[in-house]
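Asker: The structure's right below; bear with me while I get my questions together.
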Amino acid sequence: MATKKIYYLLSALLLAVIIILAFVFFQNTINYLIDLFLHLDEHLNELILKYGIVTYVILFLVIFAETGLVVTPFLPGDSLLFAAGTFAALGSFDVALLFILLCIAAILGDTVNYWIGHYFGPKVFHKETRFIKKEYLERTHNFYEKHGGKTIIIARFIPIIRTFAPFVAGVGAMTYSKFILYNVIGGVVWVAMFVFGGYYFGNIPIVKNNFSLVIIVIVIISVLPGVIEFLRHRSLKKKSLKDSVESE
């Protein structure tokens with residue numbers, strides 16, 4: 001028992017050291033990302049002034065990476081779409097072209113993410129270990145066959161989750177025809193909501209003068225459904241456990 005406690009303590013200390021070293025090593029990157037997030041309008045304006053029409057390509061690549069690569073969930077999504085819509089209203093972008101390009105980026109990103117998961121899933125679960133079992137793969141498949149449609153659409157509006165949802169759908173071998181249908185619906189609705197939201201409301205004085213605050217509110221609202229669902233699931237789990245204990 002004592003040996004196990006020492007093992008857990010050492011593991012916790014090692015994890016803490018790794019986190020501290022990672023923070024120190026990547027501090028400049030972290031500071032840049034925070035500044036990018038808080039002053040997205042200023043950075044986007046700099047990109048437009050510096051690169052002009054090439055900014056379309058940059059936005060396309062950012063949205064593609066944010067939705068299509070599991071290693072880049074930290075990139076701006078909702079906030080970038082809103083900011084791009086705001087600049088479109090000022091004439092920096094053609095809003096129709098912007099909308100079409102970013103829809104393609106979002107749909108293509110999820111599609112690539114799905115096939116990456118579909119390719120690596122069976123390879124990872126080929127050999128069973130304590131933490132990797134084929135049973136988990138079957139459960140994932142059954143879940144996505146039953147709830148995959150709404151999961152793919154809802155995940156579009158939750159930062160980080162939207163990066164992993166299509167990957168997990170691929171791992172679980174969700175029927176591709178079903179996946180691509182909801183991928184297209186979710187991608188178009190997501191891009192439309194934020195791009196046209198920025199286009200029509202981004203330059204209202206109160207929004208324009210408090211742009212950083214608006215971006216923070218957008219992110220909080222995006223994350224809120226996931227937090228609520230987590231707390232609800234946790235509450236139901238506790239209630240179920242309590243009921244089972246009382247019944248005994």
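Asker: Quick check on Ala65: is it among the small types (Gly, Ala, Ser), surrounded by fewer than 19 Cβ atoms within 10 Å (Cβ to Cβ), assigned to a helix (DSSP H, G or I) and in contact (Cβ under 8 Å) with a residue 12 or more places away in the chain?
Answerer: yes
Asker: Further question on the same structure: Of the residues Lys242, Lys238, Lys178, only one is part of a helix (DSSP H, G or I), modelled with pLDDT of 75 or more, surrounded by fewer than 16 Cβ atoms within 10 Å (Cβ to Cβ) and not aliphatic (A, V, I, L, M); which?
Answerer: Going through Lys242, Lys238, Lys178 in turn, just one is part of a helix (DSSP H, G or I), modelled with pLDDT of 75 or more, surrounded by fewer than 16 Cβ atoms within 10 Å (Cβ to Cβ) and not aliphatic (A, V, I, L, M): Lys178.
Asker: So is Phe74 modelled with pLDDT of 65 or more, among the aromatic types (Phe, Trp, Tyr) and not in a helix (DSSP H, G or I) or not?
Answerer: Criteria met by Phe74.
Asker: Let me ask another. Kindly indicate whether any position in the range 59-68 is acidic (Asp, Glu), modelled with pLDDT of 60 or more and within 20 Å of the chain's Cα centre (by Cα).
Answerer: Yes, the range 59-68 has at least one match.
Asker: A further question follows. If I filter the range 108-124 for residues that are hydrophobic (A, V, I, L, M, F, W, C), at pLDDT below 65 and farther than 28 Å from Leu59 by Cβ, do I get at least one hit?
Answerer: Checked against the condition, which is being hydrophobic (A, V, I, L, M, F, W, C), at pLDDT below 65 and farther than 28 Å from Leu59 by Cβ, the range 108-124 yields no hits at all.
Asker: What do you reckon, is Ile204 among the aliphatic types (A, V, I, L, M) and under 16 Å from the mean Cα position of the chain (by Cα)?
Answerer: no
Asker: Here is a further query. What pairs come out if I take residues in the range 100-116 that are of a type in the set (Phe, Trp, Tyr) and pair them with residues that are crowded, with 19+ Cβ neighbours inside 10 Å and modelled with pLDDT of 95 or more whose C-beta lies under 6 Å away, six or more apart or interchain?
Answerer: Here the result reads none, with nothing in the range 100-116 linked to a residue that is crowded, with 19+ Cβ neighbours inside 10 Å and modelled with pLDDT of 95 or more.
Asker: Where the second residue is surrounded by fewer than 24 Cβ atoms within 10 Å (Cβ to Cβ) and modelled with pLDDT under 85 and the first is under 16 Å from Ile221 (Cβ atoms) and charged (D, E, K, R) and lies in the range 73-87, which pairs have Cβ atoms under 6 Å and are six or more apart or on separate chains?
Answerer: Asp78/Ile218; Asp78/Ser222
Asker: Which count do you get for residues in the range 68-122 that are surrounded by fewer than 17 Cβ atoms within 10 Å (Cβ to Cβ) and of a type in the set (Asp, Glu)?
Answerer: 1
The values are calculated or read from the model by the stated rules, or taken from the named source; none is laboratory data. Quick caveat, the model's predicted, so the values are computed rather than measured. Every residue, glycine as well, gets a Cβ built from its backbone with ideal geometry; the counts of neighbours run over all protein chains shown.
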